[in-house]
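Read-outs throughout are calculated quantities, based only on the coordinates presented, and are distinct from any laboratory measurement. Predicted, not measured: the structure shown is a model, and the values here were computed from it. Please note: Cβ atoms are built from the backbone with ideal geometry, for glycine as well, and neighbour counts cover all protein chains shown.
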């Protein structure tokens, strides 16, 4: 927890320093929103409406949010890898099994981790918004509040999903070290599937920016097997797209938790 | 008396290794049953299946009429002292036991925790972190959590292993107090302890059940007794001639073994008449014990 908050503080300091300096250097050289928009269109596959919305965000906020969500799954794995496996190895789980249902153990451990995580993520977003507002006085209070709420929800949705993945990895492993290894492998597999799915265009889609160089293929649909594919939905101004993102993430969380419950219920302890 | 614990054709495989193979026995309500066998016999695996830690590969297993592997089936029914299960190190003992009591749904969890700690003579550890306790203390705290709420079935895996003689004796006293009021299963290597405590035994070897019987049956108590001789010549022919005596022989220079008609004769009658005869012939006696000792029987069977 301390490590996470320290990392977040460091990130904001570095990103704030860089983006502040860059703003001063490029001051007056064209419309910064248009520049940011064209950059986002080149490197992301977000919808135009989403790009339009996030291009208006202070750069420090955008970079800090992206970096946090990038490393969040790994941080969650480090926080919770031994929640179940850490009790299976030394067999202290046996004192619980005769008293409570295995399902309750899975849910209890998960909710414990998710609650601590939620507290940390709220603090992280408050720090991000405070830094963004401090470095960008023209970023209005209304925007600060609405984006603060949106980013908090996005972080929480992403956080609880990866916490569920960590619970699943911890439920199948026989020791804490193995649980962490399995979790990191799972994240690597997700990253690989995402890269593979995004190497091609979905059939019938309009190519934008660098996507014009890609071929269309049904292989592209495998990207939807990975939660991060829905991350940009969580920043969308379109309620339908936003809702899809939230539902998709929570759906992944439920699948991970269901599998964790199944794994712990059936395995020898 | 009805069976509190039943195993019917229970098998447990780990990959290709068969740890428990087609084991069937039952433990009657209120009995204290010893689970006996050499290392690798399948005792702990059988014990773990009774506790719901392991799921049998085949067969039927029930504790108080429920499948231990069913979710929440053992709550408030069974108290378990698992072997080598560590208590969470950072928890103070009192807080930990109270927490376990709450999970078990006990109304006065804290009171139960205090009473259980007093029963194992460790009330002073209430605020001590579990990780700082000695091996013996940890074992007794683990015993305390098994006793909380006075569950009808208590399963104890190696309850006196690694304890000093004084503490081991106090643990045996606790088990003795549990008899009749609870159904108790004790897994142990200590044959003397089991012979003293148990009403019945299940002997396992290489995963298979080699004997399941009452302690009296297994030690041959109804048909045999031994006299340890300190000094003097044993009149074997006169002993053989005693009423009810089937056979008498010397096992080594100092042990007289007498077999008798167990069904027809009360053991105290023939023991008394044998001792009286030996005393008349100036044979000095060091001790008398009934039946073939459990350890010998187990060594024979396994």
- First measure r as the distance between the Cβ atoms of residue A:224 and residue A:122, then evaluate 1/(1 + (r/R0)^6) with R0 = 30 Å and state the FRET efficiency to the nearest 0.05. 0.55
- Query: Any idea what the relative contact order of the stretch B:9-148 is, in percent, if you count C-alpha pairs under 8 Å spaced at least 6 apart?
  - Reply: 20
- Item | Partner chain coverage, peptide A:84-96 - average Cβ within 10 angstrom | 5
- Query: Stretch residue B:164-residue B:265 to full length: gain in nm at 0.36 nm per residue minus the Cα-Cα span?
  - Reply: 32.3 nm
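Which peptide among B:94-104, B:138-148 comes first, and what is the full order, when sorted by highest mean count of other Cβ atoms within 10 Å?
Final packing ranking: B:138-148, B:94-104.
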- Query: Taking the Cα centre of each part, how many Å lie between the stretch A:56-117 and the stretch B:144-160?
  - Reply: 33
- Item | the stretch A:103-174, relative contact order [Cα under 8 Å, separation at least 6], % | 50
- At a Förster radius of 25 Å, what calculated FRET efficiency corresponds to the Cβ-Cβ distance of residue B:179 and residue B:66, to the nearest 0.05? 0.65
- Query: Of all DSSP beta bridges in the protein assembly as shown, what percent run antiparallel (nearest 5)?
  - Reply: 65
- Message: Please compute the average number of Cβ atoms from other chains found within 10 Å of each residue's Cβ in peptide B:60-73.
- Response: 2
- Only Cα pairs under 8 Å and at least 6 apart count here; give the relative contact order of chain B as a rounded whole percent. 20
- Task: Output the peptides A:150-161, A:241-252 sorted from most to least packed, where packing is the average of other Cβ atoms within 10 Å over each peptide's residues.
- Result: A:150-161, A:241-252
- Return the FRET efficiency for the residue pair residue B:255, residue A:188: r is the Cβ-Cβ distance, R0 is 56 Å, and the value is rounded to the nearest 0.05. 0.20
- Distance (nanometres) between label positions extended 7 Å along Cα→Cβ at residue B:214 and residue B:134: 4.0
- Return B:245, B:257, B:32, A:169 ranked ascending by Cβ neighbour count within 10 Å, so the fewest neighbours appear first. B:257, B:245, B:32, A:169
- Just the Kirkwood number for chain B, please: inverse of mean 1/r across all distinct Cα pairs, in Å, one decimal. 21.2
- How many Å³ per residue does the convex hull of the Cα positions in the stretch A:121-182 occupy? 83
- Note on the structure: Label model pair residue A:214, residue B:196: point-to-point distance (7 angstrom along the Cα→beta-carbon line) in nm is 7.6
- Please average, across the residues of B:74-83, the number of beta carbons from any other chain that are within 10 Å of each residue's own beta carbon, and give a whole number. 3
- Report the semi-axes of the equivalent ellipsoid for the stretch A:48-266 in whole Å, largest first, where each axis is √(5λ) for an eigenvalue λ of the Cα gyration tensor. 34, 23, 14
- One finds the C-alpha centres of the stretch A:204-269 and the stretch B:9-59 to be spaced, in Å, by 45
- Item | For q = 0.05, 0.06, 0.11 Å⁻¹, Debye-computed log10 I/I(0) when each Cα of the protein assembly as shown counts as one equal scatterer | -0.37, -0.49, -1.03
- Using only Cα atoms, find the angle between the long axis of helix B:109-119 and the longest principal axis of chain B, and express it within 0 to 90 degrees, rounded to the nearest 10. 30
- Message: How much length would be gained if the chain were fully extended between residue B:302 and residue B:284, taking 0.36 nm per residue of separation minus their Cα-Cα distance, in nm to one decimal?
- Response: 3.0 nm
- When the helices in chain B are scored as -39500 (n - 2.57) per DSSP H run of 4 or longer and the sum is shared across all residues, what 222 nm value do you end up with, to the nearest 500 deg cm²/dmol? -9000 deg cm²/dmol
